[in-house]
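The values are calculated or read from the model by the stated rules, or taken from the named source; none is laboratory data. This one's a predicted model, so the numbers in the text were calculated from it and none came from an experiment. For neighbour counting, all protein chains shown are included, and Cβ atoms are generated from backbone atoms with ideal geometry for every residue, glycine included. For accessibility, only protein heavy atoms count, side chains too; no ligands or nucleic acids. Shrake-Rupley method; radii C 1.70, N 1.55, O 1.52, S 1.80 Å.
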Amino acid sequence: MKKYVAELIGTFWLVLGGCGSAVLAASFPDVGIGLLGVSFAFGLTVLTMAFAIGHISGCHLNPAVSIGLWASGRFPAKEIGPYVIAQVVGAVVAGGVLYIIASGNANFSLSDGFATNGYGVHSPGGYSLVAALVTEIVMTMMFLIVILGATDKRAPKGLAPIAIGLCLTLIHLISIPVTNTSVNPARSTGVALFVGSGAIVQLWLFWIAPIIGAVLGAVTYKFIGSEEE
């Protein structure tokens, strides 16, 4: 049970820290942190939690990561369900806490997006469904390759959280304009449920694409990372 609680807390921190920075601080008058700041916020949530709970639960914080690790042979299938439930619950609780905080400002409106992911009219840059699909698949694939490589027993010890956190930062720097960056079904769900139908209708893509990308990343790393010639 402790590892499931750790996953819940870790995912809570990811959504509160990452989405919170987007909702509360990205465009704060005159001193907003912008896309660069939001990108680093997401990366820092993973980096800090990897050090805090990596030794307890593995610090997945992401259903796609759990499935990708299973596809790579590093995670048992029987643990996927409990991990995904813990991650989604943590994300939704974080969405609720963020909503309470954000609604304390009289100018707050869910119509501003609440850091949800989307394509078409819901994409920050107006990118199409196909562009969003490709972006989420490729970004999650690369994320899994970095996770698997950084945690390989042959990799430098103790540096995996830094590599993984910076990878997530880079992913956000690339893809925030396209989809507002998901690569994480729990993160997408945690805020979409508060926004309602507009975000929920498009939520399918932010479950399917990251999972496809994670499996592709796992398969790719199993090939390139194999010790066999």
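Go through segment 121-139 and give me each residue that's touching a residue at least 12 places away in the same chain (Cβ under 8 Å) and not in a loop (DSSP other than H, G, I, E, B). Result: H122, L129, A131, A132, L133, T135, E136, I137, V138, M139.
If the condition is being within 25 Å of P63 (Cβ to Cβ) and either surrounded by fewer than 18 Cβ atoms within 10 Å (Cβ to Cβ) or of a type in the set (K, R) (or both), then segment 107-127 contributes L110, G120, P124. Which of (1) among the acidic types (D, E); (2) under 12 Å from the mean Cα position of the chain (by Cα); (3) more than 26 Å from I85 (Cβ to Cβ) does E136 not meet, given it meets every other one? Looking at each condition in turn, E136 falls short on (3).
Tally up the residues in segment 138-156 that are open to solvent by 30 Å² or more (accessible area, probe 1.4 Å) and either touching a Leu at 6+ places or on another chain (Cβ under 7 Å) or farther than 18 Å from H60 by Cα (or both), please. So the count comes out to 4.
In segment 5-40, how many residues are hydrophobic (A, V, I, L, M, F, W, C) and either under 17 Å from T179 (Cβ atoms) or in contact with a Cys (Cβ under 9 Å, 6 or more places away or on another chain) (or both)?
9
Right, L44: within 21 Å of G190 (Cα to Cα), within 18 Å of the chain's Cα centre (by Cα) and at pLDDT below 95 or not? It is false that L44 is within 21 Å of G190 (Cα to Cα), within 18 Å of the chain's Cα centre (by Cα) and at pLDDT below 95. Pairs linking a residue in segment 193-205 that is over 20 Å from S128 (Cβ atoms) to a residue that is open to solvent by 30 Å² or more (accessible area, probe 1.4 Å), with Cβ atoms under 8 Å and 6 or more positions apart or on different chains, are L193/V92; L193/I200; F194/Y99; F194/L110; V195/L110; G196/L110. Among the residues of segment 163-204, the one identified as touching an Asp or Glu at 6+ places or on another chain (Cβ under 7 Å) and more than 19 Å from A86 (Cβ to Cβ) is T179. Being surrounded by fewer than 24 Cβ atoms within 10 Å (Cβ to Cβ) and either part of a loop (DSSP other than H, G, I, E, B) or modelled with pLDDT under 95 (or both) is the requirement here; does G104 meet it? Spelling it out, G104 is indeed surrounded by fewer than 24 Cβ atoms within 10 Å (Cβ to Cβ) and either part of a loop (DSSP other than H, G, I, E, B) or modelled with pLDDT under 95 (or both). Screening segment 1-97 for helices (runs of 4 or more DSSP H) wholly inside it with 1 or more residues that are open to solvent by 50 Å² or more (accessible area, probe 1.4 Å), more than 21 Å from M139 (Cβ to Cβ) and not acidic (D, E) returns the ranges 2-20, 34-57.
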